[in-house]
Amino acid sequence: MTTSLRKNRKKRGHVSAGHGRVGKHRKHQSGRGNAGGQHHHRIMMDKYHPGYFGKVGMRHYHLNKNQYHCPIVNIDKLWALVGEEARTAAAADKTVAAVIDVTKFGIFKVLGKGELPKQPVVVRAKFVSKLAEAKIKAAGGCVQLVA
(Lines give C-alpha, C1' and ligand atoms only; values in the text may rest on other atoms or scores of the structure.)
Protein backbone atom coordinates (compact mmCIF):
# COMPACT_ATOMS: atom_id res chain seq x y z
CA MET A 1 0.00 0.00 0.00
CA THR A 2 1.31 3.44 -0.82
CA THR A 3 2.03 5.89 1.96
CA SER A 4 -0.66 8.32 0.81
CA LEU A 5 -3.38 5.72 1.41
CA ARG A 6 -2.34 4.80 4.94
CA LYS A 7 -4.56 5.68 7.89
CA ASN A 8 -1.69 7.45 9.60
CA ARG A 9 -1.79 10.32 7.03
CA LYS A 10 -5.01 11.57 8.62
CA LYS A 11 -3.45 11.42 12.09
CA ARG A 12 -0.62 13.83 11.20
CA GLY A 13 -0.59 16.79 13.52
CA HIS A 14 -2.51 14.96 16.24
CA VAL A 15 0.09 14.27 18.90
CA SER A 16 -0.71 10.70 20.03
CA ALA A 17 -2.07 9.43 16.69
CA GLY A 18 -5.15 7.88 18.31
CA HIS A 19 -3.30 5.89 20.95
CA GLY A 20 -3.95 8.14 23.92
CA ARG A 21 -1.66 10.27 26.08
CA VAL A 22 -2.05 8.38 29.35
CA GLY A 23 -1.75 4.70 28.38
CA LYS A 24 0.71 5.26 25.53
CA HIS A 25 1.25 2.97 22.58
CA ARG A 26 4.02 0.68 23.81
CA LYS A 27 5.15 -2.70 22.51
CA HIS A 28 4.11 -5.51 24.93
CA GLN A 29 2.77 -3.87 28.06
CA SER A 30 1.58 -7.02 29.79
CA GLY A 31 4.15 -9.49 28.45
CA ARG A 32 4.14 -11.72 25.38
CA GLY A 33 1.86 -14.71 24.94
CA ASN A 34 0.70 -16.39 28.15
CA ALA A 35 3.03 -14.39 30.39
CA GLY A 36 1.71 -13.62 33.86
CA GLY A 37 -0.82 -16.45 34.09
CA GLN A 38 0.04 -16.93 37.75
CA HIS A 39 0.72 -13.25 38.41
CA HIS A 40 -0.88 -10.22 36.77
CA HIS A 41 -3.21 -12.25 34.52
CA ARG A 42 -4.36 -14.58 37.29
CA ILE A 43 -8.00 -13.42 37.33
CA MET A 44 -8.36 -14.08 33.61
CA MET A 45 -6.73 -17.53 33.87
CA ASP A 46 -8.85 -18.56 36.87
CA LYS A 47 -12.05 -17.29 35.28
CA TYR A 48 -11.74 -18.54 31.71
CA HIS A 49 -9.16 -21.35 32.00
CA PRO A 50 -9.65 -23.10 35.37
CA GLY A 51 -7.30 -26.02 35.91
CA TYR A 52 -4.70 -24.73 33.45
CA PHE A 53 -1.91 -24.88 36.03
CA GLY A 54 -0.91 -27.86 38.16
CA LYS A 55 -0.76 -31.61 37.80
CA VAL A 56 -3.23 -34.47 38.02
CA GLY A 57 -2.80 -38.23 38.38
CA MET A 58 0.28 -40.33 38.84
CA ARG A 59 3.56 -40.35 36.98
CA HIS A 60 4.26 -43.34 34.74
CA TYR A 61 8.00 -43.63 34.31
CA HIS A 62 9.30 -45.11 31.06
CA LEU A 63 5.87 -45.22 29.43
CA ASN A 64 5.71 -47.66 26.54
CA LYS A 65 2.54 -47.07 24.51
CA ASN A 66 2.73 -50.52 22.91
CA GLN A 67 1.92 -52.14 26.26
CA TYR A 68 -1.45 -50.37 26.20
CA HIS A 69 -2.10 -50.96 22.49
CA CYS A 70 -5.49 -52.69 22.31
CA PRO A 71 -7.53 -51.99 19.15
CA ILE A 72 -11.20 -52.94 19.49
CA VAL A 73 -14.03 -54.11 17.28
CA ASN A 74 -17.73 -54.26 18.12
CA ILE A 75 -19.70 -57.40 17.28
CA ASP A 76 -21.83 -55.53 14.74
CA LYS A 77 -18.63 -55.04 12.68
CA LEU A 78 -17.31 -58.61 13.10
CA TRP A 79 -18.61 -59.90 9.79
CA ALA A 80 -17.45 -56.75 8.01
CA LEU A 81 -13.87 -57.89 8.72
CA VAL A 82 -14.21 -61.07 6.66
CA GLY A 83 -16.69 -59.73 4.12
CA GLU A 84 -20.32 -60.30 3.12
CA GLU A 85 -19.56 -63.23 0.78
CA ALA A 86 -17.85 -65.09 3.64
CA ARG A 87 -20.97 -64.60 5.78
CA THR A 88 -23.32 -65.91 3.09
CA ALA A 89 -21.02 -68.89 2.48
CA ALA A 90 -20.97 -69.64 6.22
CA ALA A 91 -24.77 -69.32 6.39
CA ALA A 92 -25.17 -71.82 3.54
CA ASP A 93 -22.96 -74.49 5.20
CA LYS A 94 -24.73 -75.46 8.44
CA THR A 95 -22.33 -78.29 9.41
CA VAL A 96 -19.41 -76.11 10.43
CA ALA A 97 -19.27 -72.72 12.17
CA ALA A 98 -17.30 -69.88 10.61
CA VAL A 99 -14.11 -68.85 12.41
CA ILE A 100 -13.27 -65.17 12.71
CA ASP A 101 -9.79 -64.58 14.13
CA VAL A 102 -9.73 -60.85 14.85
CA THR A 103 -6.02 -60.92 15.77
CA LYS A 104 -5.27 -61.57 12.08
CA PHE A 105 -6.74 -58.10 11.42
CA GLY A 106 -4.63 -56.47 14.16
CA ILE A 107 -7.55 -56.26 16.59
CA PHE A 108 -7.18 -57.51 20.16
CA LYS A 109 -10.51 -56.90 21.89
CA VAL A 110 -14.13 -57.62 20.97
CA LEU A 111 -16.83 -55.40 22.48
CA GLY A 112 -20.58 -55.96 22.56
CA LYS A 113 -22.20 -53.05 20.69
CA GLY A 114 -24.83 -53.96 18.10
CA GLU A 115 -26.39 -57.24 16.99
CA LEU A 116 -25.01 -60.40 15.40
CA PRO A 117 -26.77 -62.35 12.65
CA LYS A 118 -28.32 -65.56 13.98
CA GLN A 119 -25.64 -67.90 12.69
CA PRO A 120 -22.95 -69.72 14.66
CA VAL A 121 -19.49 -68.20 14.62
CA VAL A 122 -16.27 -68.94 16.49
CA VAL A 123 -14.58 -65.69 17.51
CA ARG A 124 -10.89 -65.79 18.39
CA ALA A 125 -9.54 -62.76 20.28
CA LYS A 126 -7.16 -61.83 23.08
CA PHE A 127 -9.88 -60.07 25.10
CA VAL A 128 -13.68 -60.24 24.99
CA SER A 129 -16.18 -58.24 27.04
CA LYS A 130 -18.95 -60.03 28.98
CA LEU A 131 -21.68 -58.52 26.81
CA ALA A 132 -19.92 -59.51 23.58
CA GLU A 133 -19.47 -63.07 24.81
CA ALA A 134 -23.14 -63.30 25.82
CA LYS A 135 -24.33 -62.03 22.42
CA ILE A 136 -22.00 -64.38 20.50
CA LYS A 137 -23.27 -67.35 22.54
CA ALA A 138 -26.89 -66.22 22.02
CA ALA A 139 -26.28 -66.30 18.26
CA GLY A 140 -25.10 -69.92 18.61
CA GLY A 141 -21.38 -69.27 18.54
CA CYS A 142 -18.50 -69.42 20.98
CA VAL A 143 -15.44 -67.46 21.99
CA GLN A 144 -11.83 -68.71 21.98
CA LEU A 145 -9.22 -66.68 23.81
CA VAL A 146 -5.81 -66.61 22.15
CA ALA A 147 -2.51 -65.39 23.58
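The values are calculated or read from the model by the stated rules, or taken from the named source; none is laboratory data. Since the model is a prediction, treat every value here as computed from it, not as a measurement. Cβ sites come from the backbone with ideal geometry, for glycine too, and all protein chains shown count toward neighbours. Note: areas computed on protein heavy atoms with side chains; ligands, DNA, RNA excluded. Shrake-Rupley method; radii C 1.70, N 1.55, O 1.52, S 1.80 Å.
Values as computed for the structure displayed
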item: Residues located in segment 25-49, provided they are open to solvent by 100 Å² or more (accessible area, probe 1.4 Å) and either in a loop (DSSP other than H, G, I, E, B) or touching a residue at least 40 places away in the same chain (Cβ under 8 Å) (or both); result: H25, R26, K27, Q29, R32, N34, H39, H40
item: Residues (without any contact (Cβ under 8 Å) to a residue 40 or more places away in the chain and either more than 15 Å from A80 (Cα to Cα) or open to solvent by 60 Å² or more (accessible area, probe 1.4 Å) (or both)) located in segment 90-111; result: A92, D93, K94, T95, V96, V99, K104, F105, F108, K109
item: Filter result (surrounded by 10 or more Cβ atoms within 10 Å (Cβ to Cβ) and of a type outside the set (A, V, I, L, M, F, W, C)) within segment 63-87; result: P71, N74, D76, K77, G83, R87
item: Residues that are assigned to a strand (DSSP E or B) and either open to solvent by 20 Å² or more (accessible area, probe 1.4 Å) or farther than 25 Å from Y68 by Cα (or both), drawn from segment 112-140; result: V121, V122, R124, F127, V128
item: Residue in segment 96-106 that is of a type outside the set (A, V, I, L, M, F, W, C), modelled with pLDDT under 95 and in a loop (DSSP other than H, G, I, E, B) present; result: no
